[in-house]
1. Debye calculation, C-alpha points only, no solvent: report log10 I(q)/I(0) for the range 1-57 at q = 0.14 Å⁻¹, in the same order as the q values.
2. Which residue fluctuates the most in the chain, going by a Gaussian network model with Cα springs under 10 Å, if the choices are ILE177, ILE223, ILE211?
3. P(r) for the range 1-131: what percent of alpha-carbon pairs falls in each 10 Å bin, starting at zero?
4. Expressed in nm², what is the orientationally averaged projection area of the convex hull enclosing the Cα positions of the range 132-190?
5. Report the number of Lys pairs in the range 192-282 whose alpha-carbons are under 26 Å apart, with separation of 8 or more residues or on distinct chains.
6. What translational diffusion coefficient, in µm²/s and rounded to a whole number, does the Stokes-Einstein relation yield for the chain at 20 °C and a viscosity of 1.002 mPa s, taking the hydrodynamic radius as the Kirkwood radius over Cα pairs?
7. Any idea what the alpha-carbon Rg over 2.2 N^0.38 Å comes to for the range 107-252?
8. Given springs between every Cα pair under 10 Å in a Gaussian network model of the chain, which of ALA233, ALA157, ALA91 has the largest fluctuation?
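The values are calculated or read from the model by the stated rules, or taken from the named source; none is laboratory data. From a predicted model like this one, the values you see are computed outputs, not experimental measurements. Quick note on the areas: whole protein, heavy atoms, side chains included, nothing else; ligands and nucleic acids left out. Shrake-Rupley method; radii C 1.70, N 1.55, O 1.52, S 1.80 Å.
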Amino acid sequence: MLLHTIKEVQEQVKQWKKEGLSVGLVPTMGALHNGHLSLIKKSVEMCDRTVVSVFVNPIQFCPGEDLDKYPRTLEQDTKLCEQANVDIVFAPTPAQMYGENQMRTNDFLTYVIPPFFYVNKLCGKSRIGHFDGVCTVVNKLFNIVQPDFAFFGEKDAQQLAIIKKMVKDLNIPVEIISCPIVREESGLALSSRNKYLSQEDKIHALALSKILNNIKSCYKKGITNTSALKETAYGFLNEHHELEYLEFTDNTTLEPVESATDNTRVFIACKVGGVRLIDNIFLG
Ligand code: AMP
């Protein structure tokens, strides 16, 4: 069932709650691929009812980012959700979510601001305000859908850590379920933004997963010094890559680490053919 308004979703969820049914939420920006579908599958397995939100959230895009050209494929997304036994596809307009003042949200909207320590690093460094937008929309979706479980991908591991922190700090009654990264056979992590890559870019994009896998195998061989591990990346980079960061942090707190452990996650962001790609790996 495709619904566009908050009211319709709330009415349906109210009915489910009356019947004692558990509800899973999978927040997405659409252009669904197998990564999203793995989250959806997990929700359908675990919960009596599943809601997938498809919303390109304007307030999480920074000036100059790809808000206007972000792929929008609602018809295809709805079909995929139907095939996956999703109960509701919730596809609101920006005005439905933020009201008529949505073009001036900084002045008019109540925001949820995650802690500085979680956003002053990795993607938060270059995407100022991005995680404020993410936390605000996810909080709104939690309030609208009141899910028992919400499903997020490790593909966006900083986002996942920030949402877990928000849920804990604000006592939101939802259990966050993290789902592993789904990759192409080549190793490239699936992303809606891969649509922007040419065939040649896609080959250069493999450097990200190669760097992470190589770091993990060096770690497994006993190298724990993160500067030494970082050095191993340069062999995979050339003029086609614009490395933004390669960082080692604690998996839960995102605290930078100098010596890698089994609880370290390695994060990379790199532009290929002008497209900003992110990936990460857990060393444990
Ligand atoms: P997005 O539509 O990019 O906002 O992503 C919606 C959700 O799908 C987020 O929780 C992402 O982390 C997750 N996701 C995106 N790509 C993948 C992937 N390749 N593997 C697993 N989860 C993913």
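1. Evaluating at q = 0.14 Å⁻¹ gives log10 I(q)/I(0) of -0.40.
2. Greatest mean-square fluctuation among the candidates belongs to ILE223.
3. P(r) over the range 1-131, rounded to whole percents: 11, 35, 35, 18, 1.
4. Working: hull surface 17.2 nm².
Averaged projected area of the range 132-190's Cα convex hull equals 4.3 nm².
5. Count of close lysine pairs: 15.
6. Details: Rh = 19.8 Å.
D = 108 µm²/s.
7. Details: Rg = 17.6 Å, N = 146, 2.2 N^0.38 = 14.6 Å.
Taking N as the residue count of the range 107-252, the ratio is 1.20.
8. ALA233
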